[in-house]
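In what follows, a structure is listed as structure tokens, so that the remarks can point back to it.
The values are calculated or read from the model by the stated rules, or taken from the named source; none is laboratory data. Everything numeric in this text was worked out from a predicted model, so none of it was measured. Please note: Cβ atoms are built from the backbone with ideal geometry, for glycine as well, and neighbour counts cover all protein chains shown.
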Amino acid sequence: MAIRKQTAQQGTFLATHGESIIRDAQRELKSPARRLFGRRLLTLGGIALLSGCDLTNDKAVNTALRRISFFNDDVQALLFDPNRLAPTYPESMITRPFPFNAFYDIDDVPEVDAATYRLQVSGLARGKRTWALDELRALPQESQITRLICVEGWSAIGRWGGVRFSEFLRRAGADTTAKYVSLHCADYNYWTSIDMPTALHAQTLLTLTYDGDVLPPKYGFPMKLRVPTKLGFKNPKHIVAIEITNQYPGGYWENQGYNWFSGS
């Protein structure tokens, strides 16, 4: 509860002073000496200096790290421009083959039956709550060639096709003033969540195809959320349920310490 209160206070502070903070930080970080200090400050010693926590106390360290992570989320959200597009690329630059990546082996990719598949929509939505795959394919489709950037340090360019996520949310009657969209998957209870401005971004795509063909299982059949403005683990595969909520949903990796906003 204390962390949530702290986060709310940080959010209020950023809303009032955020632009000034960013200008000051940009000005200060022009100095090499200050950049070096900033890097050192992000060590455990710097955390101790900032928080006053005892580094022998795991709970205190985790609390301090989580507060810093929440603050980082707020700053990234402030910097995010919902009207700025991620780069797109020509077909000649597509990575072939596009790499498989998951927290499990390719032999363990889940099998989803297209005939019985149903996408469930819950939470703050007043429209259609259950969608068959054919209904999703009947919605207006578009495609993009964008780069996926993995938190592990690699990237790859792929061509994805599907429904603009903002269009799907509109047709599902989602409350687009809500804070979060949570996505649950068929692959071993994986889930993640994104902020609503990112969900409504023009390039956020509920993908049903890859490179012109039905989305292969290794890339997330029957659907993957393609979010070019976020790191790869925020692009969930094998989606089976979507929830619109004002309650912070966390995620599989986020609950293990990964930064929640994770803009690319």
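Checking each residue in the stretch 137-150 for being of a type outside the set (G, A, S) and not in a strand (DSSP E or B) picks out R137, L139, P140, Q141, C150.
For the stretch 124-149, give me the residue count where each residue is under 19 Å from A186 (Cα atoms), touching a strand residue (DSSP E or B) at 6+ places or on another chain (Cβ under 7 Å) and not hydrophobic (A, V, I, L, M, F, W, C).
Selection size over the stretch 124-149: 2.
Here K128 meets each of (1) closer than 15 Å to Y219 by Cβ; (2) part of a loop (DSSP other than H, G, I, E, B) with one exception, condition (1).
Screening the stretch 88-120 for residues that are of a type in the set (A, V, I, L, M, F, W, C) and more than 18 Å from I239 (Cβ to Cβ) and picking the one that is surrounded by the most Cβ atoms within 10 Å (Cβ to Cβ) gives F98. You will find that of T209, T198, T176, T130, the residue that is β-branched (V, I, T) and under 13 Å from V227 (Cα atoms) is T198 and no other.
Looking at the structure I just gave you, is R84 of a type outside the set (A, V, I, L, M, F, W, C), modelled with pLDDT of 95 or more and at negative phi? So R84 does not fit the description; no. Annotation: of all residues in the stretch 183-227 being among the hydrophobic types (A, V, I, L, M, F, W, C) and closer than 17 Å to W253 by Cα, the one that is surrounded by the fewest Cβ atoms within 10 Å (Cβ to Cβ) is A186. Among the residues of the stretch 209-223, is there at least one that is within 14 Å of the chain's Cα centre (by Cα), assigned by TED's automatic domain parsing to the domain that holds V151 and under 22 Å from F100 (Cβ atoms)? No, there is no match, as no residue in the stretch 209-223 is within 14 Å of the chain's Cα centre (by Cα), assigned by TED's automatic domain parsing to the domain that holds V151 and under 22 Å from F100 (Cβ atoms). Residues of the stretch 172-182 that are surrounded by 17 or more Cβ atoms within 10 Å (Cβ to Cβ) and either farther than 16 Å from W131 by Cα or charged (D, E, K, R) (or both): A178, Y180, V181, S182.
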